[in-house]
Every structure is written in C-alpha cells, then in structure tokens.
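Written out below as structure tokens is the structure these notes cover.
The values are calculated or read from the model by the stated rules, or taken from the named source; none is laboratory data. Since this is a predicted model, take the numbers as computed values, not measurements. Cβ placement follows ideal geometry from the backbone for every residue including glycine, while neighbour counts extend to all protein chains displayed.
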Amino acid sequence: NMHDHIKQLQRFNVGEDCPVFDGLYEFCQLSTGGSIGGAVKLNMGKADVAVNWAGGLHHAKKCEASGFCYANDIVLAILELLKVHQRVLYIDIDIHHGDGVEEAFFTTDRVMTVSFHKYGEYFPGTGDTKDVGAKGGKYYAVNFPLRDGIDDESYASIFRPILGKIMEQYQPGAIVMQCGADSLVGDRLRSA
C-alpha cells in the first residue's frame, strides 16, 4: 500500500525528487564508475582531462538522495584524486548550490569548494556567503550567490578574478568542475 511505500522511501532517505526506478543501481554504477574511472586515469597520468557526461550529481549526500542525485560521483572522484594530490579545487557553476560536495568536505582544507549559484528561496536553499567551512576546513568553502538575469559579461567579471586569486593562493594539484547546463540561458530549470 501507499503508506508502506512512503515509509520505505523515508527509511532510505529517498524523497519525491529522487524516485526509485528500474535500473537505478546500474545508473548509479555508471555515474560513479565514470567519475572514479576518470580520476584514476588522471592519477595515473593517462589523461590530462576527464569528462563524465553522466556525472555531476552534486546534491547527493552521504545518507540522503536529493535533487535528482542518488550517489555523489563528484565526491567519490575527489576522494580518488586525494590519493595522489594534496589539494583539490572543486568549482561548481550549476545554477543550484553544490550542497552535497560542500557538505562532504566542509571540515577539511584538502578540498576547496567554490560554488556560483542562485540563492534564496531556491533549491536546495544552501550556499550563503557565510557558509565558509568549519574546523580544519574553515574558509575552504566559498559561495557566490547570483541574482536572476546575470549576463555572460557580468558573470565573467566575477568568475575570472575570483578563480584567479583562488588558484594563486590555493595552488591545487587537481581541479574538478561541475558544469550544470541549468545555468545556461533558456534552460527551463534556471527559471523554475
């Protein structure tokens, strides 16, 4: 019955935005495997750049599926990169805050998370400029809430100097970038 079904979903922290479907396990395997595999190739020097078109599921958390994201392939890839690199820079230009990645590395200085996103009454409702990390990760979470209607020129005038300074100061051994298409003009999720 429906009541039991809802209880099961709640038990596994799968909400309305993350429905269970046939092939879910295989989907998660492909997404996470692609990102981890890319990180392994980078670590071994077999590639300079790796792209996972099925990846970027930045809302999933350790114990919770969220925002259409079931398993956080980005976090798993960064953990793989940390086996070789002392510091990893994570840049997120999705219109939604990269909450799952930020949460995973909120207390470490080995990963700096930088997110440019829409903020306020907008999913997931996180990513305030005051969210800067904690403990050993304090000041290693950087959030740039953006307003509706920002154009390319304005975006570049913010992005370039900020990332330039971060690169200069942090000096990462590897960079991971999440390029959500919903930040593109005309994407329906952008205005949702």
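Determine whether region 152-175 contains at least one residue that is under 14 Å from the mean Cα position of the chain (by Cα) and not acidic (Asp, Glu).
There is at least one residue in region 152-175 that is under 14 Å from the mean Cα position of the chain (by Cα) and not acidic (Asp, Glu).
Does region 96-112 hold any residues that are in a loop (DSSP other than H, G, I, E, B), buried (at least 22 other Cβ atoms within 10 Å of the Cβ) and either over 10 Å from the mean Cα position of the chain (by Cα) or in contact (Cβ under 8 Å) with a residue 60 or more places away in the chain (or both), and which are they?
His96, Gly98, Phe105
Considering only residues that are over 30 Å from Asn43 (Cα atoms) and among the hydroxyl-bearing types (Ser, Thr, Tyr), look in region 136-192 and name the one that is modelled with the lowest pLDDT.
Here the residue is Ser191.
Any idea how many residues of region 23-43 are of a type outside the set (D, E, K, R) and under 16 Å from Val176 (Cα atoms)?
Matching residues across region 23-43 total 12.
Could you tell me which residue of region 1-25 is modelled with the lowest pLDDT, considering only residues that are outside any helix (DSSP H, G or I) and loosely packed, with under 11 Cβ neighbours inside 10 Å?
Only one residue tops the list, namely Asn1.
If I ask for residues that are assigned to a loop (DSSP other than H, G, I, E, B) and under 14 Å from the mean Cα position of the chain (by Cα), which ones from region 113-127 would you list?
Correct list: Phe123, Pro124, Thr126, Gly127.
Please specify each residue of region 26-74 satisfying the condition of being assigned to a helix (DSSP H, G or I) and among the aromatic types (Phe, Trp, Tyr).
Scanning region 26-74 gives a single hit, Phe27.
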